Amino acid sequence: MTHDDRYIREIWLEEGTKPGGYLSRLPVVKSLRQNGGLKLNSPVTFLVGENGSGKSTLLEAVAVAFGFNAEGGSRNFCFSTYGSHSELHRYLRLAKGLPPEDGFFLRAESFYNVASYIEELDSQPAAAPLIKEAYGGESLHDQSHGESFLSLALHRLQGNGLYILDEPEAALSPSRQMTLLTRIHQLVKNRSQLIIATHSLILMAYPGADIYVLSDRGVTLTPYEQTEHYLITRRFLNQPRAMMERLFRDNLDINDV
């Protein structure tokens with residue numbers, strides 16, 4: 001997949017617009033307004049940063065601007081349990097390539113609602129074939145949280161698609177995150193593009209991925225080994241006891257150790 005084949009090539013704020021309220025204070029919104037668009041040059045793009053940096057807000061806005069349901073699912077999912085999404089999508093503009101054959105937006109926090117919507121559709125008398133068949137054939141509610149995430153990744157995501165994933169590692173053990181990493185590679189080889197907000201050091205290691213770090217300094221394309229996630233984890237694993245002793249003794253933040 002070349003840059004011109006990307007389903008989304010660039011994200012920017014419409015010129016002259018100024019999102020108000022808490023959106024105006026988000027580092028990612030400030031960066032988009034001041035520094036221009038966010039280019040998606042790799043088949044896999046990671047958005048990483050501290051809680052509150054705006055990565056999930058931006059990811060959600062991109063999904064909604066592309067036509068996905070705000071709570072997740074494919075583009076033909078149309079339901080709402082609680083309208084909590086921001087208005088950022090109204091200000092975003094996307095440079096698009098050819099339309100994808102497949103697509104899915106995963107929000108870890110509302111995947112339960114997606115599973116319930118599938119159950120509701122499958123319970124209707126005229127439902128045939130059952131939607132759950134596309135997810136492996138077993139009800140997502142009859143699986144653990146992590147198993148249902150993997151069922152989505154392994155069965156529902158077919159390739160030739162745009163997949164927008166918000167913290168897909170949330171319910172996965174480290175070994176299952178590696179399974180997801182393998183699935184991501186399979187999807188990339190099958191002409192897919194993935195945009196992922198994550199805290200997972202395992203997922204972020206995907207070869208050739210672009211990692212955009214969202215912080216008070218803006219949005220910065222950052223090598224894997226220079227991310228705060230990598231540096232802090234390496235320091236902790238090298239000296240876990242010494243780190244914990246100092247953290248607990250002096251009530252420090254991890255960045256002060």
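The values are calculated or read from the model by the stated rules, or taken from the named source; none is laboratory data. Keep in mind that this is a model prediction, so the values were computed, not measured. Every residue, glycine as well, gets a Cβ built from its backbone with ideal geometry; the counts of neighbours run over all protein chains shown. When the accessible area is computed, the model is the full protein with side chains, heavy atoms only, and any ligands, DNA or RNA have been set aside. Shrake-Rupley method; radii C 1.70, N 1.55, O 1.52, S 1.80 Å.
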Report task. Could you pull out which residues in region 152-172 have an amide N less than 15 Å from a spot 7 Å beyond the Cα of H199, following the Cα-Cβ vector? Result -> 166-172
Requested in this report: Just the number, please: carbon plus sulfur as a percent of the accessible area of region 176-257, 1.4 Å probe, no ligands or DNA/RNA counted.
Outcome: 51 percent
Requested in this report: Add +1 for every Lys or Arg and -1 for every Asp or Glu among the other residues with Cβ under 12 Å from the Cβ of I202, and state the total.
Outcome: 0
Requested in this report: Quickly work out the A171-to-N238 label distance, labels modelled 7 Å from Cα along the C-beta direction, and quote it in nm with one decimal.
Outcome: 3.7 nm
Requested in this report: Quickly work out the N160-to-Q124 label distance, labels modelled 7 Å from Cα along the C-beta direction, and quote it in nm with one decimal.
Outcome: 2.6 nm
